[in-house]
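Everything on this sheet refers to the single structure shown next.
Rule-based calculations on the coordinates, nothing more; no lab input. These numbers were taken from a predicted model, which means no experiment stands behind them. Cβ atoms come from the backbone with ideal geometry, glycine included; neighbour counts cover every protein chain shown.
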Amino acid sequence: MKDYYATLGVPRSATEAEIKKAYRKLARELHPDVAGPEGEERFKEVAAAYDVLGHAEKRAQYDTGVDPRAASGASGGPQGFGFEDIFETFFGGGQQRRGPASRVQRGGDTLVHEEVTLEEAVFGVSRTFTVDLADECNTCHGSCCAPGTSPQTCRQCNGTGSLQRVARSLLGNVMTTSPCPMCGGYGTTIATPCTECSGRGRTHARHTMSVDIPAGVETGTRIRMPQVGDAGIAGGAKGDIYVEIRQAAHKVFERRGDDLHCTLEVPMTAAALGTVLELETFDGEQAVEVAPGTHSGTTVKLKGLGVGRLQRGGRGDLYVHLDVLTPGDLTEEQEELLRQLAALRGEEMPQATLTPIGHGVFARLRDAFMGR
């Protein structure tokens with residue numbers, strides 16, 4: 001088992017403060033500016049020793065003859081960090097900028113809203129709309145520079161896009177890197193900006209666009225128009241335009257998914273005798289057959305007269321819910337005729353009849369609502 005006390009150069013009776021002091025001293029001595037690259041392995045040993053002796057629980061395990069690092073499979077660095085993490089944090093490795101940043105950026109995406117009628121959602125429609133977009137400057141073509149000029153190498157960072165400075169830390173002097181404040185990290189500056197776009201590389205104008213809205217769209221549907229949006233910066237790719245749909249309500253038809261629903265009122269006599277009614281749909285007049293003895297809540301399905309299915313073939317169905325009307329403004333002659341009918345049917349003194357659950361009018365209305 002490794003002797004961590006010897007690695008830090010402290011006795012077994014050393015206090016927590018003495019162990020920390022010894023670790024800090026060795027860490028400063030092993031800084032690459034002092035010990036060079038060959039000090040890395042030695043630093044690993046020091047960090048491993050402090051990982052154990054610098055924490056009371058691990059130190060207690062170690063003093064009983066158990067190396068907690070060997071038991072847990074740890075490999076270097078104080079608790080919660082690997083050696084590489086500490087080395088990069090203290091000595092400037094890892095996530096540093098590699099060269100200057102690029103001025104080229106993709107254009108942003110644009111969201112527009114379009115309202116469609118239910119009929120347009122059923123069949124699809126082509127629409128035009130206007131939108132304000134960023135365009136590449138026709139004078140500088142996105143370079144941001146006046147014609148005949150070009151970006152100049154930054155005098156402060158010499159084109160690297162970043163500056164390094166030495167800061168004092170717990171482990172001594174540490175080299176840090178940050179973006180150059182003069183050029184913003186690009187490595188170049190625009191000495192003579194384009195007067196047409198004020199050095200932005202883009203201008204703005206209103207555009208008229210066309211979009212094909214397919215059948216089956218509904219409120220919330222977004223149609224993507226790729227690479228026709230805002231121009232990118234410094235020649236970057238254009239962004240996208242997203243057309244978000246809002247479907248307006250209809251006064252007769254209600255949409256439920258790909259199906260349409262409507263209610264058709266039927267006179268009591270027609271429902272009793274049966275008839276054929278004409279219904280004006282999005283596909284023109286359609287015949288609705290009312291069978292003799294039809295009750296309120298009966299549903300007639302007209303197949304294929306619903307909404308076009310988005311990105312799929314075919315259309316949904318149209319469900320016609322029949323509502324039988326009971327007359328309430330009878331003349332004396334009509335009342336007499338109905339009494340005669342009731343007498344013929346033995347219904348002068350009708351008796352209430354209970355209907356089993358699942359077979360009554362409410363069940364029919366439920367099934368009609370669910371499209372069964």
**Request:** Could you tell me whether the stretch 105-162 comes out rounded, prolate or oblate from its Cα gyration tensor? Rule is a ≥ b ≥ c as square roots of the eigenvalues, rounded for a/c under 1.5, then prolate if a/b exceeds b/c, otherwise oblate.
**Result:** prolate
**Asked** So what are the ³J(HN,Hα) numbers for the stretch 51-61, from phi and the Karplus equation (6.51, -1.76, 1.60; θ = phi - 60°), rounded to whole Hz, Gly and Pro as x?
**Response** 4, 8, 6, x, 10, 4, 5, 5, 5, 5, 4
**Complete:** For the stretch 280-287, in residue order, the Karplus 3J(HN,Hα) values (coefficients 6.51, -1.76, 1.60; θ = phi - 60°; whole Hz; Gly and Pro = x) are 7, 10, 5, 9, x, 5, 10, 7
**Request:** Could you work out the mean projected area of the convex hull around the alpha carbons of the stretch 167-262, in square nanometres to one decimal?
**Result:** 13.9 nm²
**Fill in**
Once the in-chain neighbours fewer than 8 apart are removed, the aspartates and glutamates whose Cα is under 20 Å from LYS2 read GLU16, GLU18, GLU40, GLU41, GLU45, ASP51, GLU57, ASP63, ASP67
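Taking only C-alpha pairs under 8 Å that are 6+ residues apart, what is the relative contact order of the stretch 298-354 in percent?
Over the stretch 298-354, the number comes to 25 percent.
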**Asked** Can you put MET349, MET209 in order, fewest other beta carbons within 10 Å first?
**Response** MET349, MET209
**Asked** In debye to the nearest 20, how big a dipole does the stretch 203-323 give about its Cα centre with +1 on each Lys and Arg Cβ and -1 on each Asp and Glu Cβ?
**Response** 600 debye
**Message:** How large is log10 of I(q)/I(0) for the stretch 212-324 at q = 0.12, 0.13, 0.19 Å⁻¹ when the intensity is taken from the Debye formula with one equal scatterer per alpha-carbon?
**Reply:** -0.57, -0.62, -0.98
**Item:** Amide H contacts of THR263 (H built 1.01 Å from N, under 5 Å, at least 5 apart or other chain)
**Value:** HIS321
**Asked** GLY142's amide H: which non-local residues (gap 5+, or another chain) put their own amide H closer than 5 Å, with H modeled 1.01 Å from N in plane and none for Pro or chain starts?
**Response** CYS137
**Prompt:** What is the set of long-range amide H partners of THR188 at a cut-off below 5 Å, with H atoms built 1.01 Å from backbone N?
**Reply:** CYS154
